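A.B. asks: To start, I am sharing the structure in question, which I have written as structure tokens.
The values are calculated or read from the model by the stated rules, or taken from the named source; none is laboratory data. Small disclaimer: the values here were computed from a predicted structure and weren't measured. Neighbour counts are summed over all protein chains in view; Cβ atoms, including those assigned to glycine, are modelled from backbone coordinates with ideal geometry. These area figures cover heavy atoms from the full protein model, side chains too; ligands, DNA and RNA do not enter into them. Shrake-Rupley method; radii C 1.70, N 1.55, O 1.52, S 1.80 Å.
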Amino acid sequence: MAGPPKIIHFPYMHEELVSPGLRPMGLFLNPGIKDPLDIFFTPQGLVLDKGLSEYFLEQCRQFGEQFKKTSDMTHLGMAQMEDFYTGSTQSIQYELSTYGKSDEAKEDHKEDLLQAQQYLLLNFALEERLLELGRIDADLSLSWSSFDESLGIDDEEEHFQNIARQSISPQISTDHWQKLLKAYTAFLPPQGILLVHEESVSQELQEYGIAWERHDPDHFFPGLADRKGLDFFCATLNLDKIDKKKQTFAREVKLLRAVSSTNSLQQTKE
């Protein structure tokens with residue numbers, strides 16, 4: 001591996017979704033929507049800049065608002081979906097960037113990167129929306145508590161206080177991690193390693209034939225003091241095992257996971 005490892009959090013792009021103790025151990029992927037900062041990994045090969053990324057997400061939002069319910073979208077034909085961006089800024093920029101290039105491989109690579117970035121942008125926007133709903137939900141809970149206290153509920157009215165108030169904040173799902181992993185891989189540098197946080201994802205990865213092997217933490221985090229109580233395991237995944245579709249970027253990705261030392265023996269046996 002050339003150069004020092006570059007650790008990137010997976011599958012989340014927002015620090016609020018990662019436990020505080022693990023946040024400094026990696027960078028959060030910036031799919032082009034944020035200004036480059038030290039806590040972010042902003043790939044060099046992004047097709048859309050910040051302005052075009054914002055425009056893309058706005059176009060997606062407007063597109064989705066045309067439908068009263070999700071099932072309405074199924075009435076669209078594939079041709080309509082493929083023409084969605086025809087004439088848009090993204091389409092024009094792509095045509096300009098590939099004008100005069102006869103190398104088909106370069107054009108395919110550009111298209112693969114564009115699709116990967118768009119997928120990452122949509123996932124980033126979804127995370128942001130769910131986090132926003134979570135904050136609203138927390139504020140509502142506080143408001144309900146204050147309301148209950150102001151009513152001065154007594155013992156005879158406890159049934160009112162215990163009324164179930166439905167949360168408006170849905171759980172963030174990682175069921176699509178395979179597609180997300182492919183999109184991440186499109187922009188990983190040669191020394192890039194994905195730090196996997198969800199145990200369910202780690203377990204599912206084993207179903208694709210990977211073997212988690214214990215590694216010395218100093219290899220990944222030299223001098224990092226705040227790693228007490230953690231063991232680290234590394235593995236390599238061939239993307240052909242989760243998707244046979246040919247793409248022009250790397251087909252292997254290195255993975256890392258952090259496990260509490262008290263659970264390491266059990267995790268190694270699984």
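A.B. asks: Which number in (1) open to solvent by 60 Å² or more (accessible area, probe 1.4 Å); (2) at pLDDT below 70; (3) hydrophobic (A, V, I, L, M, F, W, C) marks the one condition that Ile39 misses?
C.D. replies: Only one criterion in (1) open to solvent by 60 Å² or more (accessible area, probe 1.4 Å); (2) at pLDDT below 70; (3) hydrophobic (A, V, I, L, M, F, W, C) is unmet by Ile39, namely (2).
A.B. asks: State the number of residues belonging to the range 202-214 that are within 13 Å of Ile242 (Cα to Cα) and either open to solvent by less than 60 Å² (accessible area, probe 1.4 Å) or not in a helix (DSSP H, G or I) (or both).
C.D. replies: Here is the first cut: in the range 202-214, the ones within 13 Å of Ile242 (Cα to Cα) are 204-210.
Cutting the leftovers down to either open to solvent by less than 60 Å² (accessible area, probe 1.4 Å) or not in a helix (DSSP H, G or I) (or both) gives us 205-210.
Summing the residues that are within 13 Å of Ile242 (Cα to Cα) and either open to solvent by less than 60 Å² (accessible area, probe 1.4 Å) or not in a helix (DSSP H, G or I) (or both) in the range 202-214 gives 6.
A.B. asks: Would the range 48-68 turn up any residue that is at pLDDT 90 or above and outside any helix (DSSP H, G or I)?
C.D. replies: Scanning the range 48-68, I find at least one residue that is at pLDDT 90 or above and outside any helix (DSSP H, G or I), so the answer is yes.
A.B. asks: Could you tell me which of the residues Asp218, Asp240, Asp226 is of a type outside the set (Phe, Trp, Tyr), closer than 21 Å to His14 by Cα, modelled with pLDDT under 90 and more than 19 Å from the chain's Cα centre (by Cα)?
C.D. replies: Values: Asp218 fails: closer than 21 Å to His14 by Cα; Asp240 fails: closer than 21 Å to His14 by Cα.
That would be Asp226, the only listed residue that is of a type outside the set (Phe, Trp, Tyr), closer than 21 Å to His14 by Cα, modelled with pLDDT under 90 and more than 19 Å from the chain's Cα centre (by Cα).
A.B. asks: Could you list, ordered by first residue, the pairs with Cβ atoms under 7 Å in which the first is in the range 11-34 and open to solvent by 40 Å² or more (accessible area, probe 1.4 Å) and the second is in a helix (DSSP H, G or I) and of a type in the set (Asp, Glu), at least 6 apart or interchain?
C.D. replies: Leu17/Glu127; Arg23/Glu15
A.B. asks: How about the range 119-130: which of its residues are of a type outside the set (Gly, Ala, Ser) and open to solvent by 30 Å² or more (accessible area, probe 1.4 Å)?
C.D. replies: Within the range 119-130, the subset of a type outside the set (Gly, Ala, Ser) is 119-124, 126-130.
Correct list: Tyr119, Leu122, Leu126, Glu128, Arg129.
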